[in-house]
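Taking it in order: structure first as structure tokens, then the write-up.
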Amino acid sequence: MESNLLATYYIDKDHPEINSFASLACNGQASDLDKALKLYYAVRDKIRYNPFSIEPAKSAMKASHILKKGEGYCVAKAVLLTACARSQGIPARLGFADVKNHLNTKKLREMMGTDLFVWHGYSEIYLNGKWVKATPAFNLSLCQNFNVRPLEFDGINDSIFHPFDMGGNQHMEYVVDHGSFTDLPWEHIMAECIKAYPRYFELLDRNTQDFSTQALEENQ
């Protein structure tokens, strides 16, 4: 359990800005459960989900960098939530799975060449004697643009993406479980992503892509 409380290169839970962000979110909360709920919603909605924000550099995946940037994709946001939980003395780790995302934008789908997302990331937080999955990836405004229910977290049940959207259409399917990790295996994840999406990395231009706007245009 101790390893799930430590600072690492990526999960830099002792960084002043991480401590400030987490402390502000948890202000007035006494229990680990209540703190975890506040941290989940702070990361979910204050950090924008953007799958065009991936940077191969190691430094770009530090929790403090993600917080400063104010956006990130699923793995980045899971790293930040994990760091925030550890900063409050709550054991946390990272979980990964391959998922099929049936709601996508045309631009991202063209760049990826598939609807399979390899090494999708989420947090696992130790609360009331058990590990609970928490997926803070999709912020509220993005969910509204996609006509998808925002993913809630109660600290008791696993919070993983809903299998259906608000229209009853299949939304997301978990295909492969890669397990739990005390730290971010970034080099391995990048290698798998580059192998799966060579065209994505050839075309990636973080300055011109707006995933939320694309979602709104395609689903209005």
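General remarks:
- Segment 125-160, residues that are farther than 26 Å from Asn50 by Cβ and of a type in the set (A, V, I, L, M, F, W, C): Leu127, Trp131, Ile156
- Only listed residue being in contact with a helix residue (DSSP H, G or I) (Cβ under 6 Å, 6 or more places away or on another chain), modelled with pLDDT under 90 and either surrounded by 18 or more Cβ atoms within 10 Å (Cβ to Cβ) or closer than 16 Å to Ala76 by Cα (or both), chosen from Phe138, Phe146, Phe161, Phe153: Phe146
- Whenever a residue of segment 21-45 is part of a loop (DSSP other than H, G, I, E, B), its partners that are surrounded by 17 or more Cβ atoms within 10 Å (Cβ to Cβ) and among the charged types (D, E, K, R), lying with C-beta atoms within less than 6 angstrom and at least six residues away or across chains, give the pairs Cys26/Lys35; Cys26/Lys38; Gln29/Lys35; Gln29/Lys38.
- Condition met for Leu94 (in contact with a strand residue (DSSP E or B) (Cβ under 7 Å, 6 or more places away or on another chain) and outside any helix (DSSP H, G or I)): yes
- Residues of segment 107-130 that are surrounded by 16 or more Cβ atoms within 10 Å (Cβ to Cβ) and not in a helix (DSSP H, G or I): Leu116, Phe117, Val118, Trp119, His120, Gly121, Tyr122, Ser123, Glu124, Ile125, Tyr126, Leu127.
The values are calculated or read from the model by the stated rules, or taken from the named source; none is laboratory data. Note that the coordinates shown come from a computational prediction; the quantities given were computed from them, not determined experimentally. Glycine also receives a Cβ, built like all others from the backbone with ideal geometry; neighbour counts cover every protein chain displayed.
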